[in-house]
Structures are given as C-alpha cells and as structure tokens.
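Colleague: Let me give you the structure first, and then I'll get to my questions.
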Amino acid sequence: MFTKILIANRGEIACRVILTARKMGIKTVAVYSEADRDARHVELADEAVLIGPAPSRESYLVADKIIAACKQTGAQAVHPGYGFLSENAGFAKQVEEEGIVFIGPKHYSIAAMGDKIESKKLAGAAGVNCIPGVNDAIDSAEQAVEIAKSIGYPVMIKASAGGGGKGLRVAFNDKEALEGFTSCKNEARNSFGDDRVFIEKFVEEPRHIEIQLIGDSHGNVVYLNERECSIQRRHQKVIEEAPSPFISDATRKAMGEQAVALAKAVKYQSAGTVEFVVGKDQSFYFLEMNTRLQVEHPVTECITGLDLVELMIRVAAGEKLPLTQAEVKRNGWAMECRINAEDPFRNFLPSTGRLVRFLPPPETMFASDVSKWEGIRVDTGVQDGGEIPMYYDSMIAKLIVHGKDRSEAIAKMRGALNGFVIRGVSSNIPFQAALLAHPKFVAGDFNTGFIAENYGKGFRAEDVPHKDIEFLVALAAFVNRRYLSRSKAITGQLEGHELRIGDDFVVVALGQVGNGISYPVHFAEFNDKSRTGRIEVGAKSYEIHSESKFGQVRTSGTCNGVPFCAQVERGIPKKPLAIRVIHNGTMLDVMVLLPRAAELHALMPYKAPPDMSRYVLSPMPGLLVDVAVQPGQKVQAGERVAVIEAMKMENVLFAAADGVVGKVLAAKGESLAVDQPIVEFA
C-alpha cells in the first residue's frame, strides 16, 4: 500500500480523497493555485504545493506541474478526482512513465472510452445497445445541419471530449444546429483542448440512468447498482438518487451486465460509470463511459456500504476486489443535492464572492465512513469565511441523505435543506426545495426534460408555494417577541417608562412573497423562560417552542408538537428593520409592527427603482470576453451584444429590444461586478 498520495484536484473532491487516505493511514499532498491558497483542501492535507496562477489552464491542467509536485514531495501515486486531468489519457500515461501510480484506469482504457466517437464503436462491438447517430467528427456547421436533417430532429450535438454539460447542445431545427455546432466547438476547445464534435439522435422523454462499476487488475469487474440522474438543468445534474424509482430488476441486471461487458472489453481497472439513456419503455442505449469517480458517487456508497475512494486506492495498489457481484448490497434509498453558487431567481447565473456564513446541517453520516446509515452527509471543499472564485466550478457542497425508502429520503433532504445556511453568495437551495416538493418528483414521474418543462420560463419565488404561510408569520412574530422580552429585561430603565409589550401585532409582508399583505397576530400565551408561545394568526393557532439562541440563523423546535427547522434572521440588507424567515424554499421578509405603526407604515410613499432599461447590465460577476457592438451601431432585439465568462461557462447577453448603441461602458478583458453597465443605448 502507498504511504503518500497526491490529489491532483481541488474543492470537495480533494477533501473527500484526503479523508479516505487519512483513514487508511496514507499521507496526502494537496496542490493549489493562487486563488486556492486558503482553501479547505490545502488545510486538510499533510503537505501542499503551489502550482500556478488562478486559471486552471495555468495550474490544475498542467500535467508537468502535477508530476513535479509528486517528485518534490515523494508521492507514490496520484488521485485525479473528477474534472481537470481525471480523464486525460496522456496525463495518465505520463504519470505511469514517471514511475508514479495513477489511481484510476489505465491510460489505454481512458483513451478508448474518453473519445465519445470511438467509445460508441467499441460499445457496439462489446454487445452494448447504442443510439442512432453519426459517430465521426464533423468538419463544418453546414455539414452538421445536413447530418442533423438526415437523422431527423431533435438531435444532440456533442463534443467528443465533453462532459459535465460542456460542449453539448440539443437542436430542434437548422438554426439551432448551426449555432449549437459553433458553440460546442468553441466550448470544447476552451474546456478540453479538443474541438471534435459529433451528432446523434436525441431520445425524447429520456431518463439518464448510470451504472457504477469497479474493476481490478486481476480481471474482476462488478457493477454497484444504478443511479437515477434525470433531474438535470442544461445537461448538468441537480439531484441524483439510488436506486432509480423507474427501472425494473430485469432492466437493472441487463444494464449492469452490459456495463461490465464493456469494462472488460477495455480491460478496465478502478471505479467507472457507464451512462445510459433509457426510454419510457425501459429500452436503454449507451451514452458514454466516465473513466473516473463521479460527483454523485456518495449515493452509491450509501446503499452499498462501500467506500469507492478506498476501493480505487486498493485496486491501484494491485489488490483484488473484496466482493463478488452476488455480495453487492442495495439497502435503503439515497439522494444527493448539488448545492451550487448560483442565483436561481436570476436565471441561475453564477454567484461568486465570500461565504460570509457557511453552516451546513448537522452530519450523522460522513465521507470515508460507510458504517453510519440513514442520516445526513455533507461533502464540501469550502468553509465559513472562504471564497467562491470565478475561475472554477460553481459547486459549494453536496448534500447527501440516506433513508429506509424514497419518501423518507425526500423528507430528510427537505429538512436538511431548511437547515443549510449560506450567506454572502446566492445558492440554488430554494430551487432544490421546490423540486423536492413537486408532485411529479415525489411520484417518481419525471425525465431529463422535467426542469425545462416545469421551469422553462425561469424560476420565480412564486414557484415555491408554501403550504402554510401563516406558520412563517407566526415564527417571525415569535422570534420578534423573544427579542422584545430580552429588551424588557434590561436593567436601568426609567421608572414609569419601562418597555411594555402588548399581545397584538401586525406582520406586514415585504419583497416578492405576499408583498404588502398584513397579518393580524395575537399572542394568546407567551413564556420566555420556557421559550414557548401560542400565536394566533387570523383563524389559525400555532404553539411554538424553540430553544434556539439569539443570533443563530438556524432555528429549530416544534410547532403544534411537530418538529421544524427554519432560518430566521433580523436586519437583512436594505431592510434593517425586517425579519427574514426561510423554510421549504420560501423566503418571507416581514416587519412585525404594533397596530398603530402598521397604520402609519401603510401611508409611506413608494420609491420606484431607477429605470435601467437603456442599459445592458452584467447579470453576474465575471470576465468580459467579448463586446460585439460599437457606438452608433443599430441593434435588433435578440442580437448578440456581449459574452461573459464565469465558472468555466460562457454566457451570451442579447439585446432586449431594437435600438442604437450610445456608449460601450466596459472593455474586453475587464472583470465585471454584478449589475455593472456594459452597453448604454441612445
């Protein structure tokens, strides 16, 4: 067994590998860019080596720097994590040639499966069901359109070296095929250094289901059941679960056996995943093979009780697999939500900056410790006060739950999301909460088009309907009453003028949810010592008990005897007198006022925000890659104006209406802040 390994990655996956290595008694070496100098994976590792500037092409993607760090520290093996160099056959070969062990498949297996065009041919030869399409690289956009027409729309345009939703477009007509080909080529060149693109038929109403497998150097390969990954937004997974609520035991067995046959055909060693697209009749077709550890591997660990990172390390060290196919378990139900730094209410634009507060829900399961069951686990590479840089992936953390069955897993996940506190950057937690509450998701009735169908016009606050908004009102009033009780207890108050607290209040909603609605609130009972109150909101009554301390954002307790977890805070940005309550994805901003104060508040004039319709604003922090217009130029609605790059994705800004460009206010190459003007129309 190795005594020291280097992790050629960053973020949560670097931390995840370090934890298993530590459990196995193996020393670890972290590598980091200048942007990650204070990152969590650097702190967790036994040693750390600086490998270059912030952009990944100058640090994490430079194979020579990784190998030099191995030699400098005496690391005997390299774990590549996922992304970056994890599926780079040239890197794996170079590592092996330097006498260092690559903790992953052999370079020839990566090469065979990493090329999506060649992998389809190999899969067909191995007896794996393949999807109709043209598996040769396409030279021009015009040729792409002709091929697409011959296959029949819709088609998928895919970069041969693509992954993670990058270098992938779905086209429903000639125009989309033409534009999609160019975008795929550019994205693939920038992300993977390989701009080859091919086209295949897009299966409508498809499920994305993948088989996890592990192979050793002795010819053994087993599959570790499947993962359901159909809840996707723009081809990037949002929620993953294991097992799938859709496929039968017979389909699972057939998919697993085909995945194993493919792995054996390429002499696969290590953990890998074979992805399938599954039709509503349970017909399934090979999509691709990921020759690395997957982001969603924890759900498989939960239902099988296996540490996949440990298995990868043991296989790389030459050990045999410790189990046979018959010994693979499938216990309970696991789910994973990807918590990303993005604003769901602004079309999921990336959100970068400092994590002012980062407080995950309490963990009862842990990465690298598969002995704990039916609980909550958080895999992350960040910490309180850390920075979310614009150079890398937007994922903040992975929230994983394990339950006896699917309904229990959903309930646990909803509760865990309620207790996940993130401040300083926006996160997609409200969106995750909405998905988990959607009747079709709860019923297991969905496919890869689920998000596009249900949230095609974007995600809005009203898309998260709360079943009991009066509970949030009562909770805000309860927390406010506790603060008033503390103020009343302050000594030294002028005799005869002490703070007196009545039992009647008016709670006025602000912001997007219920703006302007007033709720009369009456305290039938309140006992500050026992932290209990009975609050009447209209005709409803709520008996709330909470031991949560002042200043804590996460508030837990019972309401009418039922446990709850919510987030409550006073003094929010631009609303210093308001109280914010967040529960089940709904964010309610309120002011708790005395009845007379509520009357006066209703008379306050409304201040309209400034009109910014003449400007094209940067919707996110990022790098201005291109400005496509000049002063005096006539622009039509829908015409390309600028391109911003953030978190490895290009975002194109279009003109909202016809007009003439007055001024260009930002230059190509400039780093932009959110809402910074780029172009002003005359």
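The values are calculated or read from the model by the stated rules, or taken from the named source; none is laboratory data. Keep in mind that what you see is a predicted model, and the values were worked out from it rather than measured. In this analysis, Cβ positions are derived from the backbone assuming ideal geometry, glycine residues included, and neighbour counts consider all displayed protein chains. Remember, those area values only see protein heavy atoms, side chains included, never the ligands or the DNA or RNA. Shrake-Rupley method; radii C 1.70, N 1.55, O 1.52, S 1.80 Å.
Colleague: Within the range 334-346, can one find any residue that is open to solvent by 30 Å² or more (accessible area, probe 1.4 Å) and in a loop (DSSP other than H, G, I, E, B)?
Modeller: For the range 334-346, residues open to solvent by 30 Å² or more (accessible area, probe 1.4 Å) and in a loop (DSSP other than H, G, I, E, B): absent.
Colleague: Then there's this: Report, by residue number, each residue of the range 550-568 that is more than 15 Å from PRO362 (Cβ to Cβ) and at pLDDT below 95.
Modeller: Result: PHE550, GLY551.
Colleague: Of the residues PRO609, PRO605, which single one is within 30 Å of ILE678 (Cα to Cα), modelled with pLDDT under 90 and either small (Gly, Ala, Ser) or surrounded by fewer than 18 Cβ atoms within 10 Å (Cβ to Cβ) (or both)?
Modeller: Of the residues listed, the single one that is within 30 Å of ILE678 (Cα to Cα), modelled with pLDDT under 90 and either small (Gly, Ala, Ser) or surrounded by fewer than 18 Cβ atoms within 10 Å (Cβ to Cβ) (or both) is PRO609.
Colleague: Continuing with this model, one more query. Output the residues belonging to the range 384-443 that are among the small types (Gly, Ala, Ser), within 26 Å of THR304 (Cα to Cα) and touching a helix residue (DSSP H, G or I) at 6+ places or on another chain (Cβ under 7 Å). I'd like the intermediate steps shown before the answer.
Modeller: Step one: filter the range 384-443 for residues among the small types (Gly, Ala, Ser), giving 385-386, 394, 397, 403, 407, 409, 411, 415-416, 419, 424, 426-427, 433-434, 437, 443.
Still in the running and within 26 Å of THR304 (Cα to Cα): 397, 403, 407, 409, 411, 415-416, 443.
Result: ALA397, GLY403.
Colleague: Here is a follow-up. Could you identify the single residue in ARG500, ARG460 that is of a type in the set (D, E, K, R) and either crowded, with 20+ Cβ neighbours inside 10 Å or under 25 Å from LEU600 (Cβ atoms) (or both)? If you could, list the steps in order and put the result at the bottom.
Modeller: On the way: ARG460 fails: either crowded, with 20+ Cβ neighbours inside 10 Å or under 25 Å from LEU600 (Cβ atoms) (or both).
Selected residue: ARG500, the only one of ARG500, ARG460 that is of a type in the set (D, E, K, R) and either crowded, with 20+ Cβ neighbours inside 10 Å or under 25 Å from LEU600 (Cβ atoms) (or both).
Colleague: List every residue pair whose Cβ atoms sit under 7 Å apart, with the two residues 6 or more apart in sequence or on different chains, where the first one lies in the range 6-33 and is more than 22 Å from PRO53 (Cβ to Cβ) and the second, anywhere, is of a type in the set (Val, Ile, Thr) and in a loop (DSSP other than H, G, I, E, B).
Modeller: Here the result reads ILE26/THR3; LYS27/THR3, each pair linking the range 6-33 to a residue that is of a type in the set (Val, Ile, Thr) and in a loop (DSSP other than H, G, I, E, B).
Colleague: Going residue by residue through the range 489-507, is there one that turns out to be touching a residue at least 12 places away in the same chain (Cβ under 8 Å) and within 24 Å of ASN418 (Cα to Cα)?
Modeller: Within the range 489-507 (the criterion being touching a residue at least 12 places away in the same chain (Cβ under 8 Å) and within 24 Å of ASN418 (Cα to Cα)), the answer is yes, since at least one residue qualifies.
Colleague: Select the strands (runs of 3 or more DSSP E) contained entirely in the range 223-304, then report the ones holding at least 2 residues which are within 25 Å of ARG338 (Cα to Cα), in contact (Cβ under 8 Å) with a residue 40 or more places away in the chain and polar (S, T, N, Q).
Modeller: Fully inside the range 223-304 and qualifying: 270-278.
Colleague: Go through the range 320-333 residue by residue and tally those that are open to solvent by less than 80 Å² (accessible area, probe 1.4 Å) and on the phi < 0 side of the Ramachandran plot. Don't jump to the end; show me each part of the working.
Modeller: Of the range 320-333, the ones open to solvent by less than 80 Å² (accessible area, probe 1.4 Å) are 321, 323-325, 328, 331-333.
Next cut, on the phi < 0 side of the Ramachandran plot only: 321, 323-325, 328, 331, 333.
The number of residues fulfilling the criteria is 7.
Colleague: Evaluate the following for GLN236: is it out of contact with any Cys (no Cβ under 9 Å at 6 or more places or on another chain) and open to solvent by 10 Å² or more (accessible area, probe 1.4 Å)? Write out each step before concluding.
Modeller: Values: out of contact with any Cys (no Cβ under 9 Å at 6 or more places or on another chain): yes; open to solvent by 10 Å² or more (accessible area, probe 1.4 Å): yes.
Judged against the criteria, GLN236 is a match.
Colleague: Here are some residues: TYR60, TYR32. Which one is touching a Ser or Thr at 6+ places or on another chain (Cβ under 9 Å), assigned to a strand (DSSP E or B) and modelled with pLDDT of 95 or more? I'd like the intermediate steps shown before the answer.
Modeller: Values: TYR60 fails: assigned to a strand (DSSP E or B).
Residue meeting the stated conditions: TYR32.
Colleague: May I ask you to list pairs of residues, at least six apart or on different chains, whose Cβ atoms are under 6 Å apart, with the first in the range 91-115 being surrounded by fewer than 21 Cβ atoms within 10 Å (Cβ to Cβ) and the second being assigned to a helix (DSSP H, G or I) and among the aliphatic types (A, V, I, L, M)?
Modeller: Listed by first residue and then by second, the contacts come to GLN94/ALA63; GLU98/ILE67; VAL101/ALA316; ALA111/ALA89.
Colleague: To continue, here is another question. Quick test for you: out of ALA474, ALA416, pick the one residue that is within 19 Å of the chain's Cα centre (by Cα), among the aliphatic types (A, V, I, L, M) and either closer than 21 Å to ARG234 by Cβ or outside any loop (DSSP other than H, G, I, E, B) (or both).
Modeller: Only one candidate qualifies: ALA416.
Colleague: For the range 520-576, please list each of the strands (runs of 3 or more DSSP E) lying entirely inside it that holds at least 3 residues being open to solvent by less than 60 Å² (accessible area, probe 1.4 Å) and out of contact with any Cys (no Cβ under 6 Å at 6 or more places or on another chain). Break it down stepwise before answering.
Modeller: Values: elements: 532-537, 540-545, 554-559, 562-572.
Qualifying strands (runs of 3 or more DSSP E): 532-537, 554-559, 562-572.
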